[in-house]
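As structure tokens, the structure follows; a few thoughts come after it.
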Amino acid sequence: MNVKTVLILLVLALATIFALVCVLLTRGRAPSPCQHQPPAQDDTDDGRSLVFADLTPEEMVQVVRYLQRNLGVQLVDASRAKPSDNCIASVDVQIPTKAEVLRFLDGGAMRPPREALAVLYFGNQADPNVTEYVVGPLPTPTYHRDVTVQKYGRKLPYHRRPPLAAEYKQIAGFLKSQVFPAAPSFMHQVLEYDGASLAPMTAAPRGFQSGDRITWYALFQNVSGFFLHPVGLEVLVDHSSLDISRWAVSRVFYNGQYYRDMVQLESAYIEGRVSVEKVRKAPRDGDFSSMKPRASPAALFPLQYEPHGPRYSIRNNHILFQAWSFAFGMSVNTGLRLFDIRHKGERVAYEISIQEALSVYGSNSPGGMSTRYMDGSFGIGRYTSPLVRGVDCPYLATYLDVIYLAHSQVPQITKNALCIFEQNLGSPLRRHYSNLQSLYYGGLVNSALVVRSIATVGNYDYVWDFIFYQNGAIEGKVQATGYASSSFLHGDGLRYGNRVGEHTLGTIHTHSINYKVDLDVGGVKNSLVAHDMAFEMTRAPWSPEQQIERPRLTKKVLDTEDQAAFRLQSKIPRYIYFAANSKNKWGHQRGYRIQITSFAGDHVPEASSMERAISWARYQLAVTRRKEEEPTSTSIYNQNDPWTPTVAFADFINNETITNEDLVAWITTGFLHIPHSEDIPNTVTVGNSVGFLLRPYNFYDLDPSIYSHDGVFFTSEQDFTRCEINPIACLPQTASCLPNFPPFTYDGFQNMSRI
């Protein structure tokens, strides 16, 4: 064998040894830390979820064009419409009936026709009214049908319409051009009004009886955080006439005193009969109400990122995450909603949606004491705000735009209005450390998928979350932040809140949030079952002279809607669940449990003339038969005529049987808020978070999260520093580099107008 041959064999041997070493060194290791894996492919949806999809801009435009051409009346753009005009107030998707959708999704039937729901204001008619049309089929409409009477049992009086943005602008113009000039000395000398230094804030509802459209407007200094700068002046505007020139002032309030109008206030002021409380003029940034940080930036807060990219996928309006899949959408009125929610391929809920956000205020000022805001009337979806990357959601979350058509005949876009992200909650979903008998550790990181939107409705910001956990649980959560509403501090004001500024009373109020949860547990037909506990006394079998108090399980099937309606402050069974007609391996009815987190204040007394309009808030939980004619617990028309509510939830509960039926749970959660100094400048989300959980209860044969790829287990006899034994051991390599963070952008101030 010559020298050349020996050298070749030596090189081959060294190469082989090197390759073996590389294999041994890399065996069990995670992929390269900087190499993103392709996201999971969504093969569970072939476009079928589009049956729930929001309208596209093109579809909205086609609906508007069709209505303009086929209604036989002139339609004015809602963005500049007067009350005496005809206009399109909003256009949203019309979800087909559940039966149609299930035949399509599960039975192989044809896709239901795609349709839109258009709300029109007819002010230019002998009988002004609000009319709702279903328009279809999309994308090229050929028909429309009036569904108003079918939905509400009657025509909708015009006074029930939610005010358009144009009407608010017209009222602001009326105050500026007609009202304030009637008291020039008072406005200039007391309030230092310069034509732009005051901001009006509407109260609602608007009057005391059906047909009223008379609204209190409280005036604030027009500075940053103006909600905390009341000046003591409030004006009651009668804008019931469709002729703006006939609008009038019905009453004026200043610093505890009522006046017939601004002329009387001016006369009393000149004669020295007004108790003046001079308010220091606030700087443009609002001073104490400014959200500008009082400290300069320092070390960066912790960031979250996905070493191999997102582990969820989004296709159109469909999301796939581990064992979860669901469709999502945004109602212009009620906000974020989910459909066809499945775990491990099995539907557990048909619909989970926000219904309403109610705030009931107290004050010794007229605007504050008469306010019961029903935010759906203003538009929870319409007021969904652009999200700030890295603060409102994790920096690397997926951000989606929302398109809506409301108060204008042109579609509007809210950039980055939805975010989806997987979040490591920083605690184990489950774990056990065994130091008895065998020695081992087993655990699972609590990593969950979050779908979030944030609606800014006036002074309040609501953070809406739907959270999907690896054990099959779903959480609906809302966190309240933003500015507290306030009144001018005078007289016995401290009976209604705390002083939070020199002239600022933080007014007591309640928050009530209503959700619709249409669970389909093991099928459409379910029953409602309550499990709880009771102590029983028994003699110890091994020592009969001794007594033992032991807890036992109590069981009850709730047969009727009346039995399933739990008043707000009443005791509710601690385990209450939708039970399927099938059983798990151990012989128990498969179920999903409803668990509510709430610190709700008291409900408005039922003797109130407007209580029926918000009667859903009587109940922390009410379970009813699902009916297509009862799609929502309230109506956008209830805000402006709560005395004759368009939808009264109390009527849903009529003692029908709910055993083995298609059921809906209506969940109310909330909290009492007494603003205090720490609410300045802003209310924080900590402690102001409420919601509900939907948890599997004997639905599976064991915890489904045991099949998660994130599980960790090792014994005392294993080398837990090796990746194939313990994936956490790979983290030093997996997390050794950061992903590329996209540049920060924000479109929240584009195309905004000030009233």
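The values are calculated or read from the model by the stated rules, or taken from the named source; none is laboratory data. A quick note: this is a predicted structure, and the numbers were derived from the prediction, not measured. Neighbour counts run over all protein chains shown; Cβ positions are idealised from the backbone, glycine included. Side chains included, ligands, DNA and RNA excluded: accessible areas come from the protein's heavy atoms. Shrake-Rupley method; radii C 1.70, N 1.55, O 1.52, S 1.80 Å.
Ordering 185-191, 401-407 by mean Cβ neighbour count within 10 Å, with the highest value first, yields 401-407, 185-191. Remark: accessible surface ordering of M262, M537 (largest first) is M537, M262, probe radius 1.4 Å. Averaging the sequence gap over all C-alpha pairs within less than 8 Å and six or more residues apart, then dividing by the number of residues, gives the range 593-686 a relative contact order of 39 percent. Our summary of shape: the Cα atoms of the range 88-173 have principal axis extents of 56, 26, 22 Å, ordered from largest down, in whole angstrom. Here's the picture: charge each Lys and Arg Cβ at +1 and each Asp and Glu Cβ at -1 in the chain, and of S598, Q409, H432 the one pushed furthest to the positive end of that dipole is H432.
Along each principal axis, taking the top coordinate minus the bottom one, the Cα set of the range 395-448 gives 72, 19, 10 Å in descending order.
Between T140, L303, Y269, the Cα set farthest toward the positive side of the dipole of the chain (charges on each charged residue's Cβ, about the Cα centre) is that of L303. By a 1.4 Å probe calculation restricted to protein chains, H308 has an accessible surface near 40 Å², given to the nearest 10.
Annotation: amide H-H contacts under 5 Å for F699 (H modelled 1.01 Å from N, sequence separation of 5 or more, or interchain): G591. Please give the calculated 222 nm ellipticity per residue for the chain, where each DSSP H segment of at least 4 residues contributes -39500 (n - 2.57) and the sum is spread over every residue; nearest 500 deg cm²/dmol? Result for the chain, helices only: -3500 deg cm²/dmol.
Please report, in debye to the nearest 20, how large the charge dipole of the range 329-487 is about its Cα centre when each Lys and Arg carries +1 at its beta carbon and each Asp and Glu carries -1 there.
The dipole magnitude comes to about 220 debye.
Would you kindly calculate the mean projected area, averaged across all directions, of the convex hull enclosing the Cα atoms of the range 165-220, in square nanometres?
With the hull built on Cα positions only, its mean projection is 4.4 nm².
When each of the peptides 371-377, 598-604 is scored by how many other beta carbons lie within 10 Å of its residues on average, the order from highest to lowest is 371-377, 598-604.
Once you have the Kirkwood Rh of the range 472-553 from its Cα pairs, apply Stokes-Einstein at 37 °C and 0.692 mPa s and quote D in µm²/s. The partial results should precede the final answer.
Values: Rh = 19.6 Å.
It comes out at roughly 168 µm²/s.
Within the chain, helices built from complete DSSP H runs that reach 15 Å or longer along their own axis (Cα positions) and carry a mean Kyte-Doolittle hydropathy of 1.6 or higher are 3-26. Bridging of K571 to lysines at a Cα separation below 28 Å is possible for K477, K516, K525, K555, K556, K627, once same-chain residues fewer than 8 apart are set aside. What FRET efficiency, computed as 1/(1 + (r/R0)^6) with R0 = 56 Å and r the Cβ-Cβ distance, is obtained for I725 and S608, rounded to the nearest 0.05? For I725 and S608, the calculated efficiency is 0.30.
Normalised by residue count, the range 556-683 yields a Cα convex hull volume of 160 Å³ per residue.
Of the cross-linked pairs K344/K415; K344/K585; K98/K151; K98/K155, those separated by over 21 Å at the C-alpha level are K344/K415; K98/K155. For the chain, the relative contact order works out to 14 percent when only alpha carbon pairs closer than 8 Å and six or more residues apart are counted. Here the range 74-201 is assigned +1 on the Cβ of each Lys and Arg and -1 on the Cβ of each Asp and Glu. Its dipole about the Cα centre then comes out at about 360 debye.
Look at the dipole of the chain built from charges on Cβ: of Y312, V664, Y575, the Cα furthest out on the positive end belongs to Y312. Sorting the segments 479-485, 568-574 by their mean number of nearby beta carbons within 10 angstrom, highest to lowest, gives 479-485, 568-574. Rolling a 1.4 Å probe over the protein heavy atoms leaves R722 with an accessible area of roughly 110 Å².
Take S486: with every protein chain present and a 1.4 Å probe, its accessible area is about 10 Å². Extent along the principal axes, Cα only, for the chain: 120, 77, 69 Å, with the longest axis given first. Net charge of the neighbourhood of F288, taken over other residues with C-beta under 15 Å away and scored Lys/Arg +1, Asp/Glu -1, is +1.
Using C-alpha pairs below 8 Å separated by at least 6 residues, the relative contact order for the range 392-532 is 12 percent. For the range 533-589, the list of chymotrypsin sites (Phe, Trp or Tyr not before Pro) that fall in a loop by DSSP and count at most 13 other C-beta atoms within 10 angstrom reads W542, W586. Summing Cβ point charges (Lys, Arg +1; Asp, Glu -1) relative to the Cα centre of the chain gives a dipole of roughly 600 debye.
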